[in-house]
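One structure coming up, written as structure tokens, with questions to follow.
The values are calculated or read from the model by the stated rules, or taken from the named source; none is laboratory data. Nothing here was measured: the structure is a model prediction, and the numbers come from that model. Please note: Cβ atoms are built from the backbone with ideal geometry, for glycine as well, and neighbour counts cover all protein chains shown. Ligands, DNA and RNA are stripped out before the accessible areas are found, and what is left, the full protein with its side chains, is counted by its heavy atoms. Shrake-Rupley method; radii C 1.70, N 1.55, O 1.52, S 1.80 Å.
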Amino acid sequence: MEPEIIYEDNHLLAINKPAGMLVQGDRTGDRTLTDWGKEYLKIKYAKPGAVFLHPVHRIDRPVSGAVLFARTDKALTRLTEMFKKRQIDKVYTALCLQMPSPASGTLKHWLLKDEQKNIVKAFRKQQGDAKESELFYQFLGKIGQQYVLEVNPVTGRPHQIRVQLSMIGCSIVGDLKYGALVPLSDASIGLHCLRMSFEHPVQKVPVVIQTPFPKLDVWKGVNALIYSKK
């Protein structure tokens with residue numbers, strides 16, 4: 001699956017990130033979604049010099065879905081503030097290995113990331129430098145052996161949805177780091193950033209960005225299930 005432009009104007013660019021691609025560079029030196037976006041803009045608008053494009057949030061490498069970028073300093077400053085104030089609504093779809101109990105609820109944990117091992121530990125009470133993390137989840141239905149959840153993260157911590165769901169026994173399909181025993185064929189996990197909604201930082205109009213699900217077999221039927229609930 002290649003990246004796909006899902007929203008574009010003079011200030012913003014949103015891209016549907018394929019699983020396996022980094023949003024920003026790390027020590028691997030692998031090509032990133034930011035690199036891809038800059039090349040896209042450079043070619044489309046025949047820009048001779050450097051292209052300004054900055055992600056205002058990130059999603060994990062094995063996760064797919066919407067990533068929002070700022071194309072101008074003004075948009076970057078305002079969107080960064082909006083994320084801090086939690087004024088951007090994010091909706092994820094998670095494919096889990098077990099049914100959550102209760103079927104819907106709010107999860108609050110304190111998360112601490114081990115940078116060396118790239119893994120996050122979750123605690124039920126505040127511990128040291130761990131950061132408070134909160135999300136709301138709702139069970140939507142079952143497809144085969146997979147339990148489909150809608151997840152609305154309140155905070156935006158690394159690996160947050162993955163580790164918080166694993167704490168209630170709902171590990172995400174394919175997520176070997178947090179409880180799954182079997183990988184997916186492309187090393188992705190069953191987590192997709194489906195939708196983002198917010199007020200445009202410059203134009204001050206409502207914006208809704210929505211992404212299609214990956215074409216992997218594990219996602220078949222999820223779209224129909226979700227929209228049957230609307």
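Please indicate, with yes or no, whether at least one residue in segment 30-47 is in contact (Cβ under 8 Å) with a residue 12 or more places away in the chain, in a strand (DSSP E or B) and not charged (D, E, K, R).
No - not one qualifying residue is present in segment 30-47.
For a quick check of your reading of the model, give me the residue pairs whose first member lies in segment 135-154 and is touching a residue at least 24 places away in the same chain (Cβ under 8 Å), whose second is buried (at least 20 other Cβ atoms within 10 Å of the Cβ) and of a type in the set (Phe, Trp, Tyr), with beta-carbon atoms closer than 6 Å and at least 6 apart or on different chains.
Leu149/Tyr137; Val151/Tyr92; Val151/Tyr137
What are the residues in segment 99-146 that are in a strand (DSSP E or B), hydroxyl-bearing (Ser, Thr, Tyr) and open to solvent by 50 Å² or more (accessible area, probe 1.4 Å), if any?
So in segment 99-146, the residues in a strand (DSSP E or B) come out as 104-114, 119-123, 131-143, 146.
Now narrow it down to the ones that are hydroxyl-bearing (Ser, Thr, Tyr): 104, 106, 133, 137.
Selection gives Ser104, Thr106.
Open to solvent by 30 Å² or more (accessible area, probe 1.4 Å), outside any helix (DSSP H, G or I) and at positive phi: does that describe Arg61?
Numbers: open to solvent by 30 Å² or more (accessible area, probe 1.4 Å): yes; outside any helix (DSSP H, G or I): yes; at positive phi: no.
When the stated conditions are applied, Arg61 does not pass them.
Looking only at segment 64-73, which residues are β-branched (Val, Ile, Thr) and either in contact with an Asp or Glu (Cβ under 7 Å, 6 or more places away or on another chain) or open to solvent by less than 20 Å² (accessible area, probe 1.4 Å) (or both)? Can you show your working first?
As a first pass, look at segment 64-73 and keep what is β-branched (Val, Ile, Thr): 67, 72.
Passing the criteria: only Val67.
Here's something else I'd like to know. Pairs, please: C-beta under 8 Å, at least 6 apart or cross-chain, first residue within 16 Å of Arg71 (Cβ to Cβ) and in segment 186-204, second of a type in the set (Phe, Trp, Tyr) and surrounded by 23 or more Cβ atoms within 10 Å (Cβ to Cβ)?
Sorted first by the residue in segment 186-204, then by its partner, the list stays empty.
Right, another one. Can you name the residue in segment 11-43 that is under 26 Å from His200 (Cα atoms) and in contact with a Ser or Thr (Cβ under 7 Å, 6 or more places away or on another chain) and, of all such residues, is surrounded by the most Cβ atoms within 10 Å (Cβ to Cβ)?
The first filter runs over segment 11-43 and keeps only residues under 26 Å from His200 (Cα atoms), leaving 11-18, 22-24, 32-43.
Those left that are additionally in contact with a Ser or Thr (Cβ under 7 Å, 6 or more places away or on another chain): 11, 16-18, 22-24.
Numbers: His11: 19, Asn16: 24, Lys17: 29, Pro18: 19, Leu22: 19, Val23: 20, Gln24: 11.
The extreme case among them is Lys17.
Moving on to the next point. Just a yes or no: is a residue in segment 74-86 under 18 Å from Val222 (Cβ atoms) and open to solvent by 10 Å² or more (accessible area, probe 1.4 Å)?
No, segment 74-86 contains no residue that is under 18 Å from Val222 (Cβ atoms) and open to solvent by 10 Å² or more (accessible area, probe 1.4 Å).
Hey, another quick one. Only one of (1) surrounded by 14 or more Cβ atoms within 10 Å (Cβ to Cβ); (2) farther than 23 Å from Leu194 by Cβ is not met by Ala46, so which one is it?
Going through the list (1) surrounded by 14 or more Cβ atoms within 10 Å (Cβ to Cβ); (2) farther than 23 Å from Leu194 by Cβ, Ala46 breaks only (1).
Can you tell me how many residues within segment 198-230 are surrounded by fewer than 14 Cβ atoms within 10 Å (Cβ to Cβ), under 20 Å from His11 (Cβ atoms) and not charged (D, E, K, R)?
Count: 4.
Just name the residue that is farthest from Pro201 (Cα to Cα) out of those in segment 81-95 that are within 16 Å of the chain's Cα centre (by Cα) and outside any loop (DSSP other than H, G, I, E, B).
Only one residue tops the list, namely Leu95.
Please count how many residues of segment 168-197 are in a loop (DSSP other than H, G, I, E, B), under 18 Å from the mean Cα position of the chain (by Cα) and either surrounded by fewer than 18 Cβ atoms within 10 Å (Cβ to Cβ) or at positive phi (or both).
Result for segment 168-197: 3.
Quick one: which of Val51, Val56 is in contact (Cβ under 8 Å) with a residue 24 or more places away in the chain and either open to solvent by less than 40 Å² (accessible area, probe 1.4 Å) or of a type outside the set (Lys, Arg) (or both)?
Values: Val51 fails: in contact (Cβ under 8 Å) with a residue 24 or more places away in the chain.
Going through Val51, Val56 in turn, just one is in contact (Cβ under 8 Å) with a residue 24 or more places away in the chain and either open to solvent by less than 40 Å² (accessible area, probe 1.4 Å) or of a type outside the set (Lys, Arg) (or both): Val56.
Taking Gly25 and the conditions (1) at pLDDT 95 or above; (2) in contact with a strand residue (DSSP E or B) (Cβ under 6 Å, 6 or more places away or on another chain), which numbered condition does it fall short on, given that it satisfies the others?
(1)
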